[in-house]
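Remarks on the structure that follows.
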Amino acid sequence: MTTTIGLIGSGNIGQALAKQAIAHGYDVVLSNSRGPETLADLVAELGPQASAATAAAAAAAADIAVVTVPFKNYRDVPAEPLAGKVVIDTNNYYFERDGHYADIDKGDATVSGCLAAHLPTSKIVKAFNMIQALAIADDAKPHGTEGRRALPIAGDDAEAKVVITALIDEFGFDVVDAGALVEGRRFDRDKPAYGPYLTADELTIALAAG
């Protein structure tokens, strides 16, 4: 039975992940805030493994969900259909776009922590927030390739991290586990691990510096 990845948000990162998922045999269900009919051209481009739905329907269909919306919209993510599911959080906090959140500005809260509070029964793994969309395809390399790019993850559920580590490896990247979900702040915007092409050893150093 084919695993389905449900995307809550279909911007650049969502589309890049959808393409990688389809290339590796997954089905994808895409959603956005404007309605499934606005995704018709994208679904046609992606082919028969792709479909579009409302955010709630994409969440319900998902074996693995991806939340990839502007941070300011995280409270719009449907919680009930994501109960008990593994959820990848790709979100970043850009105050220029999202407005200021005092708890994050002061360091009392984290981006993924806010989503986790909104989705209290889901298994949140922070990933794919620190890589440009084009690089999700361009930088992917087979397992064991020397100099392979590594991506960080953070999460509080060990089994969920095993699932997402396997997915990221399949998509073409090594993985460095930064630890608990709160440690996701080590690869937020403006941190050393955010953005550059780093191998696993280099990423481990960057995360420590963050």
- region 165-183 to region 48-101: how many Å between their Cα centroids? 19
- Note on the structure: Counted neighbours (other Cβ, 10 Å), sorted fewest up, put ASP174, ASP108, ASP157 in the order ASP108, ASP157, ASP174
- Query: Normalised by the residues of the chain, what does the relative contact order come to in percent, with Cα pairs under 8 Å and at least six apart?
  - Reply: 17
- Can you put VAL182, VAL162, VAL69, VAL28 in order, fewest other beta carbons within 10 Å first? VAL162, VAL182, VAL69, VAL28
- For the residue pair GLU96 and ALA117, what label-to-label distance in nm results when each label sits 7 Å from Cα along the Cα-to-beta-carbon direction? 2.6
- Task: Below 25 Å Cα-Cα, how many Lys pairs turn up in the chain? Only count pairs eight or more apart in sequence, or on different chains, if you could.
- Result: 23
- Item | Filtered trypsin sites (Lys or Arg not before Pro), region 89-152: DSSP coil and at most 15 other beta carbons within 10 Å | LYS106
- Can you give the helix-only mean residue ellipticity at 222 nm for the chain, where every DSSP H stretch with n ≥ 4 adds -39500 (n - 2.57) and the sum goes over all residues, rounded to the nearest 500 deg cm²/dmol? -9000 deg cm²/dmol
- Message: Are there DSSP H segments in the chain that both extend 15 Å or more along their axis (alpha-carbon positions) and score a mean Kyte-Doolittle hydropathy of at least -0.5? List them, or say none.
- Response: 12-23, 158-171
- Message: Taking 2.2 N^0.38 Å as the expected size of a compact globular protein, what ratio does the Cα radius of gyration of the chain give against it, to two decimals?
- Response: 0.95
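Bear in mind these aren't lab numbers, they're just calculated from the coordinates by the rules spelled out. All values derive from a computational prediction rather than experimental measurement. Note: ideal-geometry Cβ built from the backbone for every residue, glycine included; neighbour counts use all protein chains shown.
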